[in-house]
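The structure under discussion appears below in the form of structure tokens.
Just so you know, all these numbers are worked out from the coordinates, no wet-lab data involved. None of these values were measured; they are calculated from a predicted model. Positions of Cβ are backbone-derived with ideal geometry, glycine not excepted, and every protein chain shown enters the neighbour counts.
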Amino acid sequence: MKNPKRWSALICAAALLLALAACGGPVASQTEEPSAAPAATYTVTFMRGDEVLGTAAAEEGAVLDRSAYEAYEAAEDAEFLGWYETPSLLESSKKDLGTLAITGAMTLYGSFKSTNVAEDTRAWYVVGASPAGGPLAASQWAGASVEESVREDYRLAATGNAVNEFSITIDLFNGDQLQVIHDWAWDGQKGYGTFTQIDDTQMANGGGLGGTSDTANVNVIMDGNYTITLTTDPDDPKQDQLSIVRNGDPQAAANAYAANENTGIFVKGSWVEDWSDLRELDRVEGDGNVFTITMELEADTQLCFSVFDSGADTGLVLKEENVKNADSLALLAENGNNIQVAGAGTYTFTVDADAMTVTVSK
């Protein structure tokens, strides 16, 4: 006969195990769900020119609450016009903070139009070059020899529509290069980076001697009749507004330059810091309008060639785009603007003024 006490103990032990399992004890284990990582937080910095107005924080993907930046839009001396990602207040970089989702740290620049703008008494001009023989050719990049009467053809006139608003309408052609200057001088020039409205299907950044976008040439890539409009604040140039808008096709055909017996070719370059050393090429006798020069150059020296006629600068400039020969290009560092030799050595440059090409040998 079985021991009744032993049998009762076995029944109690089994009951205890079932109770522990039902209560989530050590017999059955459970896996906890991992907690979600906290959203990243980013800082938005608000600027007025070089002045930091303040900052605001937002989680990734969130839209800033207006209360976080509303105070930065208030100014006693100016009207707030908007927030931009570029310090030059390029129109394409304007941001609507009411809908902008913050996805990283960023800096925004406020546009503030002064309510007490001083009168701009400067004379503003568009100047440049036109290999196609368009109207810009005679401006000769603001050449000193350009007569006052000719300069007036390139002067932006007051529109009367707003304080310090000036404009000019002019035919421009593919290959033209331009900048906007005041008083026929290069102090305070306005290049590609200073245009607050520009269409990159019509204009391109052409580079220049200054090394920054603000002083870079504007390269025309679409023929057209264009209106350039400039609104200035003499006390705060960063508030200047500069636009170029295509009105339609050119109103007149270009008159391309034709090389002749009075043509001369000169070269200048970075072997002098201010590019002021202008050297004349020799005409190759019996070979049409072909010119040549041999020079000892250091690696990475940049240079370009200017076309003169009867001693006057035509405004035509030959650069890297005028180097067509593959062997010549192999000797150059890719620059996209000026001709830049890759290595040190003795170079010979040959300019064909009829074809407007440059050949390089070493």
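For the range 65-128, the Cα-based Rg and Dmax, in that order, read 15.3, 47 Å.
Summing +1 for each Lys or Arg and -1 for each Asp or Glu among the other residues whose beta-carbon sits under 14 angstrom from that of Ala254 gives -4. Distance from the Cα centroid of the range 213-291 to that of the range 142-186 is 13 Å (rounded to whole angstrom). Taken as Cα centroids, the range 53-79 and the range 347-362 sit 56 Å apart, rounded to the nearest whole angstrom. The alpha carbons of the range 77-164 give a radius of gyration and a Dmax of 19.3, 55 Å, in that order. Only alpha carbons enter this Debye calculation for the range 124-248, each as an equal point scatterer, and the log10 of I(q)/I(0) it gives at q = 0.11, 0.15, 0.18 Å⁻¹ is -0.32, -0.62, -0.93. Fully extending the segment from Val52 to Ala118, taken as 0.36 nm per residue of separation minus the present Cα-Cα distance, adds 21.3 nm.
Put a dot 7 Å past the Cα of Asp153, heading toward its Cβ, do the same for Thr201, and the two dots end up 3.1 nm apart. Can you give me the relative contact order of the chain as a percent, contacts being Cα pairs under 8 Å and 6 or more apart? Worked out over the chain, it gives 11 percent. Report the longest stretch of the chain that contains none of the GluC sites (Glu not before Pro) sitting in a DSSP loop with at most 14 other Cβ atoms within 10 Å. My reading of the result: 148-260 is the longest stretch.
Subtracting the Cα-Cα distance of Ala101 and Thr43 from their residue separation scaled by 0.36 nm leaves 19.6 nm.
Computed from the Kirkwood radius of its Cα pairs, the Stokes-Einstein diffusion coefficient for the range 204-282 at 10 °C and 1.306 mPa s stands at 95 µm²/s. Across all Cα atoms of the chain, the radius of gyration (one decimal) and Dmax (whole number) stand at 33.9, 138 Å. In a DSSP loop and with at most 11 other Cβ atoms within 10 Å, there are no chymotrypsin sites (Phe, Trp or Tyr not before Pro) in the range 239-271. Between Asp214 and Thr346, the modelled labels are 4.4 nm apart [label points 7 Å from Cα along Cα→Cβ]. Of all beta bridges that DSSP places with both ends in the chain, some 95 percent have antiparallel geometry.
In what sequence do Ser328, Ser145 fall when counting other Cβ within 10 Å, fewest first? Don't skip to the end; give the middle numbers.
On the way: Ser328 18, Ser145 9.
Final ranking by Cβ density, sparse to dense: Ser145, Ser328.
Taken along the Cα-to-beta-carbon direction at a fixed 7 Å, the label points for Asp354 and Asn247 span 3.8 nm. If you fit an axis through the alpha-carbon atoms of helix 4-22 and take the longest principal axis of the Cα set of the chain, what angle between them do you get, 0 to 90°, nearest 10? On a 0 to 90 degree scale, this one is about 20.
Kindly give the semi-axes, whole Å and largest first, of the ellipsoid equivalent to the range 263-361, taking each as the square root of 5 times a Cα gyration tensor eigenvalue.
Taking √(5λ) for each Cα gyration eigenvalue gives 20, 15, 12 Å.
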